[in-house]
Amino acid sequence: MWGIIRQRVNYGAASALRIRPALFAFQSYSSAAKALTVREALNSALDEEMSADSKVFLMGEEVGEYQGAYKITKGLLEKYGPERVLDTPITEAGFGGIGVGAAYYGLKPVVEFMTFNFSMQCYAAWYGSCPGLKVLAPYSSEDARGLLKAAIRDPDPVVFLENELLYGESFPVSAEALDSSFCLPIGKAKVEQEGKDVTITAFSKMVTHALKAADILSKEGIGAEIINLRSICPLDRDTINASIRKTNRLVTVEEGFPQHGVGAEICASVLEESFEYLDAPIERIAGADVPMPYAANIERTAVPQVNVSV
C-alpha cells in the first residue's frame, strides 16, 4: 500500500492567459450547492479519510502544532493526536523516505511538503514523466475534495500538487460532493465549459484564466471549450481528443516550461489520434523558458497573461 505526497506550489502570483487569434462531460450535480474554499475542501477530505481509516496518518513540516503553514491541517492534531499527525524536521528526503517505508508496512501516509516555489515553476511535467507515479492537480473545491480522497484511497503512489494561490478561493460544491463517500476518478478530466470553436486545456490555477479568456472570446462570437485536466498522469486523452474532433482547434495552457511540458504531451496525443480533425496549428501557451523571477513585476512577464486586447 502506497501513500500520497502533497506538494504545495505557487505557480506565480499574477498568472493569467494570453490567447492569440488563432465528449465527455463529467457528471454534473443538480442539487443545491454550498460555497467552500479549497482550503476547507482539503481539510474536510483529510479529516474524513482519517476518521474512516485508522491506517491513514499525516506527516510533514508544521502540520501539527502550527496546524499547517496554510491551515490545511487545522484541528487534525487535536482530533487525532500526535501519533497520526506528526510534525517533522525540515528534512524532506528523510520524512519522504519514512513515508515510503510506512506504506510498505501497510499504513497510508499522507506526506506533506511545504512550498516549493522557491525552486522552480511547475512540477506537473516533472512528476508526470516518472514511471509508476500518478499525478493530480486540482482546480476547484470539488476537485480538491474528490481527488484528495481518491489519492488517499489509491493503492499506488500519488503526487498531489496544490497551488497555494487557490486555497482561499471559494467554489460551489454540491451536496453529493459534500458526502463523505464522494470520490473523483483518477485519470478523468472535466469539461468546465462547452464550446464549438476551440478547445483550451488547462490545469490548476490556469483553469481560472482559461475561463476568463473564454469569456473574452465569447464577446467576439468564439465558443471555447475549457477542459480542466485534473489528472496529469494518467492523462485523459479520450476527453481531449473527443473535444478536438468537435472544435477542430486546440490551445494548451500551463505555467510550466514549454519544453517537455504537459502541453507538449497533449499535442503529441492529438497529432497521433486526431491529426486529420485539426483545422489550424496547435497553439501552446506556457511559461517563459527562464528560471522563475523573484520580483513580482518581472514574474508577470514570465508566466501567461490574459490579453484583453485580442
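Values in this text are rule-based calculations from the coordinates and carry no lab data. What you are looking at is a predicted structure, and each value in this text was computed from that prediction instead of being measured. Note that each Cβ is placed from the backbone with ideal geometry, even for glycine, and that neighbours are counted across all protein chains shown.
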Distance violations [Cα-Cα > 26 Å] among K34/K108; K108/K188; K34/K212; K71/K108; K34/K74; K34/K246: K34/K108; K34/K246
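Report the per residue volume, in Å³, of the convex hull enclosing the C-alpha atoms of the chain.
On the way: hull volume 39.7 nm³, N = 310.
Roughly 128 Å³ of hull volume per residue.
Okay, helix-only estimate at 222 nm for the chain: each DSSP H run of n ≥ 4 adds -39500 (n - 2.57), divide by all residues, round to 500 deg cm²/dmol; what do you get?
Values: 10 runs with 100 residues, N = 310.
The helix-only estimate for the chain comes to -9500 deg cm²/dmol at 222 nm.
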Long-range amide H partners of K108 with built H, under 5 Å: V56, F57
For region 245-304 and region 180-244, distance of Cα centres in Å: 14
Derived scalar couplings ³J(HN,Hα) [region 53-64; Karplus, 6.51 cos²θ - 1.76 cosθ + 1.60; whole Hz; x for Gly, Pro]: 9, 5, 7, 7, 9, 10, 9, x, 7, 6, 7, x
Distance (nanometres) between label positions extended 7 Å along Cα→Cβ at E194 and D238: 1.8
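At R0 = 35 Å, how high is the FRET efficiency between R245 and K34 if r is their beta carbon distance? Nearest 0.05 is fine.
On the way: r = 36 Å, r/R0 = 1.02.
Efficiency computed from Cβ-Cβ geometry: 0.45.
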Whole-Hz couplings from phi, Karplus 6.51/-1.76/1.60, listed for region 129-136; x for Gly and Pro: 8, 8, x, x, 8, 9, 10, 10
Built amide H within the under 5 Å cut-off of C233, gap 5+: V135
Estimated distance in nm for a label pair at A280 and Q259, the labels positioned 7 Å out from Cα along Cα-to-Cβ: 2.8
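Within the chain, what percent of beta bridges assigned by DSSP are antiparallel, to the nearest 5?
On the way: 10 of 42 bridges.
The antiparallel proportion sits near 25 percent.
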